[in-house]
Amino acid sequence: MAQHSIIGKPLAMIESGAKVTGLGKYADDLSVPGMLIGRILHSPHAHAVIRSIDSSAAEALPGVKAVATGKDAPRPYGILPIGHDECVFTKDKARYIGDNVAAVAATSAEIAEQALDLLRVDYEVLPAWFDPLLSTEAAEHWLFADKPRNIEKEYHHNFGSVDEGFAQAAFVREQRYFAGEVNHAAMEPHSTLAIWEPDGRLTVHSSTQVPYYLHRTLAEVLEMPMSQIRVIKPLIGGGFGGKSEVIPIEIAAGVLAKKAKRPVKITYTREEVFLAHRGRPITVVDMKVGLTRDGKITAVAARVVQDGGAYCGYGPVTVLYSGALLGALYDIPNVRYDGFRVLTNKPACGAMRGHGTVNVRFAFESMLDDLAREAGLDPAEVRRRNLLKAPCITVNGLRVTSYGLPECIEKVVERSGWNAKRGKLPYGKGIGIACSHYVSGAANPIIRSNIPHTTVHIKIDRDAAVTVFTGASEIGQGSDTMHVQIAAEILGVRPARIKLVAADTELTPIDLGSYSSRVTFMAGNACLEAAKNMRAQILEAIAAKYKMDPALLDIRDDNVISLDDSRLHIAFDDAIATALEFRGALVAKGTYAPPEEARGGKHKGAGVGPSPSYSYSAQTVEVSVDTETGQVRVEKIIAAHDCGRALNPLTVEGQVEGSVYMGLGQALQEEMVWDNGRLMNPSLLEYKIATTLETPEIESIIVESIDPEGPFGAKEAGEGSLAATIPAVANAIYDAVGVRINSLPITPEKVLAALRVGASFSSPSSSCSSRGSDGGAK
């Protein structure tokens, strides 16, 4: 690492000054002259035909400038090419409580609210489906006529010889696991400002993780050329996947602005954020795993049912990730996967940090501990005995290029004192271990296109300032800073010399967005290529002027120097002046697309799961359990994360801690509670995320496996650690009091119930809600 001057060094994120001083602007901070306020009318029914909408009274209200319904934007859209089933305002029927029916734009929020009250909608209420298991038994009243039994998608994969694998096992366990529905709970609510320009162009400022996809969708729904639309991403106060697909508010603001010929801003209330949702789905996992006497996994069979809510969204991708990423963590020779994405009359679920992998990893890592106990083996040792031998290709076609999991396990075992604590702590105290992994970007794009996944431009002007243009979206993960670090490292200049222009579709080249932990690997490689191209242009110009070999020149500390002549020492500003005289302009481009061999197999659904590289994590969790109240207190979490090379250790540690924190919330507290399709806890007062009081000491350990294809060897750091936290908590509880909780969240009530019977606690198989009254048709 000594050969780098900036890479590998802690650096404060470049936008941190704007954030802490309040100078930074989020979408809701923006205001322009003549701006109208938009509000959306939501359905009060979970499932109802819309017979008619009378907007005349609302349109007549003074101050109302536009009313929009489904007829104003009839084109359906969706993040996936196979899932265009959503209209910004539903045209035929409402499919969940909160579905978007109409919207108004007015000169004040108060008038807009009054106008909503004046809209008259005639509904015909239909039977509704709330439980995903019962929804698949529906004989009629499906959410979509072309989706029989309310099944959005199902996939069936078989790799190896699964039955033979189970026959070889000395120990085989089967168990049902349940995970409740959780929300991203980002601090910033969704907000969009759509500005209709006098020349008929539309500029949209939105809190989005995917400016390019939003740009495309706006053009499709508004029936406008993409050249007439500009999308700008301002500062974002958290995304976690909740802003990684186009959200109705973004289209609604554009529709209203186009109709009113005025700027329109809409900001969701917190309740509307929950209703827009796109969070982690209720998941029912039937897991079966076989283990030999010496601790080798012989086969895995998983049946996964996900409650997708009312629309497709990322649904097929989510359920495919659940199966695909059973692979690439351990050496598993035989895998069977049956995945079902089910439609219900609730808000659509989607991508959330650790997309698709988290709930199944909870099930698998919990079962692996139970099998280790049955075999009389140390759970950490069982994980060691099933390590991959990278580089390799897994049984389901995933290519693993770097693999730091062995070191991750050793680090947490040593640091936690695992050998002295496991099974030896006083009753009520325990320690657990679990592992997880995640992709460093999806090897295949969401859209059907062969364009590079990301492009970066670099330009240097006469002032010698270096400007990096990237379409990548900074959402708090440090991607802006990453670009600056890479450009500064290659060009041999101080980071302060680098200016960054990001996520503005009129100025920046295409990047597919901030999702699947893709930006460091993909945009980082593109930035690296662009910076190398720019460096070559500068050195070629200096070499031509001084009649030298460019290979003997270097740029360090804002100076061009000769490696064999110490007398040549040119300030960077002077070098740029020379290069501009020589070339006329200094512009460089870099692109990235995953190699063909990283893109997976040919079976149905094979496009989801493959990645250029995978991160790895191992964690230990120590807990204390109050056996009188069932209260679980997590005392310490040690997380080792293999991120390839840590480009910025400061942000890597922050990302690992953030992942662990979110995993802890899902493990013990977070759950969206439903009553006949109505969300009962749609606020941060009632939806319980972990506070500082519940958050334990989190120790992050960076493991650097140095990926051969990542920029400077880097790979993802923002999602891979989340999934290990949840089963590590469950395993620690078992070590503390000898009961297995197979249902999330692990509440005091569940712990007490398990303690009373001295066994495991699972949600009833006939219902997919651990509380409330979700059922079948009502």
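The values are calculated or read from the model by the stated rules, or taken from the named source; none is laboratory data. Note that the structure is a prediction, hence the values are computed from the model and not measured. Heads up, the Cβs are rebuilt from the backbone with ideal geometry, glycines too, and the neighbour counts pull from every protein chain shown. Surface areas here come from the heavy atoms of the whole protein model, side chains and all, with no ligands, DNA or RNA. Shrake-Rupley method; radii C 1.70, N 1.55, O 1.52, S 1.80 Å.
Key figures
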read-out: Equivalent-ellipsoid semi-axes of the stretch 485-634, from the Cα gyration tensor, Å, largest first; value: 45, 22, 16
read-out: Per-peptide average of other Cβ atoms within 10 Å, ordering 195-206, 734-745 highest first; value: 734-745, 195-206
read-out: Heavy-atom SASA rank of 633, 678 (probe 1.4 Å, accessible area, largest first); value: 633, 678
read-out: Relative contact order (percent, whole number), the stretch 1-116, Cα cutoff 8 Å, 6+ residue spacing; value: 34
read-out: Kirkwood-based shape ratio for the stretch 91-150, expressed as Rg/Rh from alpha carbons; value: 1.14
read-out: Two-decimal Rg to Rh for the stretch 63-181 - Kirkwood Rh, Cα set; value: 1.18
read-out: Cβ crowding within 10 Å averaged over residues, with 511-521, 269-279, 458-468 ranked highest first; value: 511-521, 269-279, 458-468
read-out: Radius of gyration and maximum dimension Dmax of the stretch 260-343, Cα, Å; value: 19.2, 72
read-out: P(r), alpha carbons of the stretch 485-554 - 10 Å bins starting at zero, rounded %; value: 18, 39, 29, 12, 2
read-out: Whole-number D in µm²/s for the stretch 348-395 (Stokes-Einstein; Kirkwood sum over Cα pairs; 4 °C, 1.567 mPa s); value: 100
read-out: Probe 1.4 Å, accessible area per residue of the stretch 23-170, Å²; value: 44
read-out: Contact order normalised by residue count of the stretch 724-763, Cα under 8 Å, 6+ apart, percent; value: 37
read-out: Centroid-to-centroid separation of the stretch 345-386 and the stretch 61-113 [C-alpha atoms, Å]; value: 40
read-out: Solvent-accessible ranking of 709, 506, largest area first, probe 1.4 Å; value: 506, 709
read-out: Carbon + sulfur, % of accessible area of the chain - ligands and nucleic acids excluded, 1.4 Å; value: 52
read-out: For the stretch 382-426, alpha-carbon Rg relative to the globular expectation (2.2 N^0.38 Å, N residues); value: 1.53
read-out: Nearest-20 debye value, the stretch 365-451 charge dipole, Cβ charges on Lys, Arg, Asp, Glu; value: 120
read-out: Cα Rg, Dmax, the stretch 347-446, angstrom units; value: 16.3, 51
read-out: Dipole-positive endmost among 650, 637, 613 within the stretch 597-653 (Cβ charges, Cα centre); value: 613
read-out: For the chain, the fraction of alpha-carbon pairs in successive 10 Å shells from zero, as %; value: 3, 14, 23, 25, 19, 11, 5, 1, 0
read-out: Rg followed by Dmax, in Å, when the stretch 422-461 is reduced to its Cα trace; value: 23.4, 68
read-out: Cα gyration tensor category, rounded, prolate or oblate, for the stretch 1-127 with a/c compared to 1.5; value: oblate
read-out: Rounded, prolate or oblate (a/c below 1.5 giving rounded, otherwise prolate when a/b exceeds b/c) for the stretch 319-366 by Cα gyration tensor; value: prolate
read-out: Heavy atoms of residue 692 accessible to a 1.4 Å probe, total area in Å² rounded to 10; value: 130
read-out: log₁₀ of I(q)/I(0) at q = 0.13, 0.19, 0.21, 0.28 Å⁻¹ - the stretch 1-73, Debye sum with one point per alpha carbon; value: -0.71, -1.00, -1.08, -1.34
read-out: Mean separation of Cα contacts under 8 Å, 6 or more apart, over the residue count of the stretch 299-415: relative contact order %; value: 29
read-out: For the stretch 641-752, radius of gyration divided by Kirkwood radius, i.e. Rg to Rh on alpha-carbons; value: 1.07
read-out: Column: log10 I(q)/I(0), Debye, Cα scatterers of the stretch 140-264, q = 0.18, 0.22 Å⁻¹; value: -0.98, -1.17
read-out: Amide proton proximity set for residue 636, modelled H, under 5 Å, gap of 5+; value: 622
read-out: Simple Cβ-charge dipole of the stretch 579-656, Lys/Arg +1 and Asp/Glu -1, about Cα centre, in debye nearest 20; value: 560
read-out: The stretch 675-715 - charge dipole about Cα centre, Lys and Arg +1 at Cβ, Asp and Glu -1, debye rounded to 20; value: 260
read-out: Globularity ratio of the stretch 287-331, using Cα Rg and 2.2 N^0.38 Å; value: 1.50
read-out: Unit charges at the beta carbon, dipole of the chain: most positive-side option, 386, 12, 427; value: 386
read-out: Relative packing of peptides 179-185, 73-79 - highest average C-beta neighbours within 10 Å first; value: 179-185, 73-79
read-out: Whole-Å semi-axes of the stretch 276-390's equivalent ellipsoid (Cα gyration tensor); value: 30, 12, 12
read-out: Accessible area in square angstrom per residue, the stretch 584-737, 1.4 angstrom probe; value: 33
read-out: Accessible area expressed per residue, the stretch 227-364, with surrounding protein chains retained (probe 1.4 Å, Å²); value: 17
read-out: Whole-percent pair-distance distribution, where bins are 5 Å wide, for the alpha carbons of the stretch 376-503; value: 2, 7, 12, 12, 11, 11, 12, 11, 9, 7, 4, 2, 1, 0, 0
read-out: Protein-only accessible surface order, largest first, of 539, 752 at 1.4 Å; value: 752, 539
